[in-house]
Amino acid sequence: MQLLRGIAFLSVASFPVHEARARQAEPNGDRKDHMAPNYFNEMFTDGAIRQPYAGLESWQRGMPDELRNLKQAEAEALFRRIGITFAVYGEGGDPDRLIPFDMFPRVFTNREWGKLSRGVKQRARALNAFLADVYDRGEIVRAGRVPARLVYQNEAFEKAVVGIKPPRSVFSHIVGIDLVRTGPDEFFVLEDNCRTPSGVSYMLENREIMMRMFPSLFRENRIEPVESYPEVLRRTLASVAPQKCDGEPNVVILTPGHFNSAYYEHSFLADMMGVELVEGQDLYVDGDYCWMRTTEGPRKVDVIYRRIDDAFIDPLCFRPDSMLGVPGLMNVYRSGGVAIASAPGAGVADDKAIYTFVPEMIRFYLGETPILKNVPTWQCAKKDECKYVLENLHDIVVKEVHGSGGYGMLIGPRATKSEIELFATKIRENPSNYIAQPTLALSTCPTFVDEGIAPRHVDLRPYCLVGEKVELVPGGLTRVALNEGSLVVNSSQGGGVKDTWVLAE
Amino acid sequence: MLSRTADNLYWMGRYMERAETMARLLHVGARMNLIPDTVDGFRSEWVSILQASGTFAAFDKKYGEPVERNLVSHLFFDRDNPSSVAACIATARENARIVRTALSAPVWDALNEAYQELKELERTPRSEISITALTEWTARHHALASGALESTLLRNDGYDFVHLGFDLERADNTARFLDVKYYVLLPDAGFVGSGLDNVQWQTLLRGMQMHRAFHWAYGGEVTAAKIADLLILNPACPRSLLTAVEEAVKHLDRLAKSYGKSSPAQSAAQKLLNELSQTQLDDIFDEGLHDFLDRFKGNVAEIGTQVSETYLIGAAA
């Protein structure tokens, strides 16, 4: 499992996208007319300061370089002391590496957030309705709105889950929606994350550290708090306890272990929620239930918030060589002895081919108009669209349908000729494994750099919680591409994080 | 609590304690080496330190020559030696990291800070750090961490497991400390009770920072018998074997009470405590100090095994 799965890459900007079309048959338009980069600056527009950032102007001006360096060092020391570090698989180097923290906050007005929030919740509801449907009668497929092949032949479609109805019919309890902004009112969903989106600990710790270092900022600006997230998460998880559970449900977080790059987050959330952090070896199945090994003997487990992938949950059901899961767990799950969040199989809703159909899901299940736009996407599985993609590889971004974390993708404007040729061959060999998107003009937010303050590109991941209710804490994780001109916010490639503010009304 | 959590807490306690012991042993060795040799060809005191630490064979294989520089590497910095101060701090911190949910933030802060500073130390040229500084650094961080534990950790079963780790490790370590004198060969029997013999005993006292407590408790001349009494049988001495076992009994009792179930470790520890409280110093010297300590270490190890079997493995019902 990758930390920050799926929000690794933001596309490279070459022109602004004017309109997103949900199911674009021929997304070819007159694209070449808008080649000049024209990035939306979230703080300064036409030389004037946009209202949400008004409160930061004097703060930033009143900070001489020495003070700024001092504060930056203080922030880093705090992160290190708390132990928020991040290890990237296979990269070697310092396992205690920090994700760089930028002190300049990213700000949304209440009105902006209101729209985002409604859009994110709408999407989370639709994605869950879709999951409940495809593991049941598959009405959306029968209605011909989503191709059967994309669902039932999807790698992430778990046959073992068909017919299981999880409590409250919720499959994805924590939905991370990756958003980018291209204008004052232009937001696009880049990707949905229905499995186990990570990074929420940064949202909470970034805020904690900002409040510690700049208390006056929080007195002068009215900023919506995010600290209720762990409590809401706990309530959400408890609300999906199986019917067989009587009394207060025993909720646990299942981690692959302390060598995992996101272990800090697992332990942080367990701590903040006041629940046990378990590994596979701490659990076992006996009879109709799952138990954990405690100093006082076995204790029944009711809800498992798992931070391991489907394939590792139960070696008897999925990968037989997995040491991370619990043998027999799927049987207990199937018979309603334990709830698993996110439910096994939830991944079928968040791959890049299904992504295209989310607006369709919103219309189909909810009867609503999608509030958030999709980035127009070409399906290489479709002949005419594939042809277009192959002709325009140097302009666009190509992604593997199941790829995540910025792996297995081509960034046309940045690629060499041979890389493009290599990708063209791969696409021709297996077209349905690829989708393509135009490059986006991501918004920028002022960021502290060596020379002072400069605009840098940002994205946003809010975390929507789905249980008895659908809830969204006002905030999220803003990632920032710290290198000048870069649109890659991946932490392994010079990306950092920022505190994200939503101003109170 | 999760058995694995209890296991991590217990070993966190053990490694914290062991880190301090190793630093103190290093200090004792350095000090003994400052005492002038009286006889030609007298072996380095470092060997006795290595024997007591239980890592002589590993040292001999990797370093050979028992000179100060190698000893500092081996006992303080070498992560290949699982008992070196650096390895102990890293392991204690890793155990803490795994069970952060069961610790208070100040405890984690203290251990993590020690670890971060350790990495600084590792980068510092060796010529710029004295053994005294290393020992004091280790003792200070031990004090910070255990202080944070005492003042902020919830007094639940987790607290008891950390303390069991401390107590059993301390019992074992004090016994090892005392045993240093067994390995320090006096040039011949004529030196028993001589000035050199006493100076070595005093160095041990200093190594445990017990020399002033000694004067308060016993006064008068420093003799081997008084020191052995202080470190083995005196219930007022925080490092004595008796105190360590007494504390272990206390925490095992608390666990048994809160779980509503007695344990084999509890009765074994109680038995050892009863035995110690009835022991006279003469009995120990009659048995032979080294043999007594060996037997004691065996008893403590046995209690450790029982703790593990009852609480830390988490057998299914």
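For the residues B:ALA143, B:ALA90, B:ALA133, the requirement of being out of contact with any Asp or Glu (no Cβ under 8 Å at 6 or more places or on another chain), aliphatic (A, V, I, L, M) and under 24 Å from B:GLU247 (Cα atoms) singles out B:ALA143.
Checking A:ALA346, A:ALA341 one by one, the residue that is buried (at least 24 other Cβ atoms within 10 Å of the Cβ), among the small types (Gly, Ala, Ser), closer than 21 Å to A:PRO256 by Cβ and touching a strand residue (DSSP E or B) at 6+ places or on another chain (Cβ under 6 Å) is A:ALA341 and no other. Being more than 8 Å from chain B (Cβ to nearest Cβ) and of a type in the set (A, V, I, L, M) is the filter; apply it to region A:246-273 and report the residue that is surrounded by the fewest Cβ atoms within 10 Å (Cβ to Cβ). Looking at residues that are more than 8 Å from chain B (Cβ to nearest Cβ) and of a type in the set (A, V, I, L, M), I get A:MET272. Out of A:ARG212, A:ARG234, A:ARG207, A:ARG222, report the one residue that is within 14 Å of chain B (Cβ to nearest Cβ) and more than 30 Å from A:VAL348 (Cα to Cα). That would be A:ARG212, the only listed residue that is within 14 Å of chain B (Cβ to nearest Cβ) and more than 30 Å from A:VAL348 (Cα to Cα). Restricting attention to region B:226-246, the residues being part of a helix (DSSP H, G or I) and not acidic (Asp, Glu) number 12. Taking region A:274-288 as the range and being in contact with a strand residue (DSSP E or B) (Cβ under 8 Å, 6 or more places away or on another chain), more than 22 Å from A:GLN243 (Cα to Cα) and more than 8 Å from chain B (Cβ to nearest Cβ) as the test, only A:GLY280 passes.
Conditions (1) assigned to a strand (DSSP E or B); (2) of a type in the set (Asp, Glu); (3) farther than 19 Å from A:ASP178 by Cβ, marked per residue:
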| position | (1), (2), (3) |
| --- | --- |
| A:VAL398 | yes, no, no |
| A:PHE423 | no, no, yes |
| A:ALA454 | yes, no, yes |
| A:ASP459 | yes, yes, no |
| A:VAL480 | yes, no, no |
| A:SER486 | no, no, no |
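Scanning region B:304-313 for residues that are crowded, with 18+ Cβ neighbours inside 10 Å, more than 14 Å from chain A (Cβ to nearest Cβ) and part of a helix (DSSP H, G or I) turns up at least one hit.
Test A:ARG125 against the stated conditions and say whether it is away from every other protein chain (no Cβ under 14 Å) and either at pLDDT 90 or above or not in a loop (DSSP other than H, G, I, E, B) (or both). Answer is yes for this residue. Looking at B:ALA256, B:ALA316, just one residue is small (Gly, Ala, Ser), assigned to a loop (DSSP other than H, G, I, E, B) and over 23 Å from the mean Cα position of the chain (by Cα), and that residue is B:ALA316.
The values are calculated or read from the model by the stated rules, or taken from the named source; none is laboratory data. Since the structure is predicted, the reported quantities are computational estimates derived from the model, not experimental observations. Cβ atoms come from the backbone with ideal geometry, glycine included; neighbour counts cover every protein chain shown.
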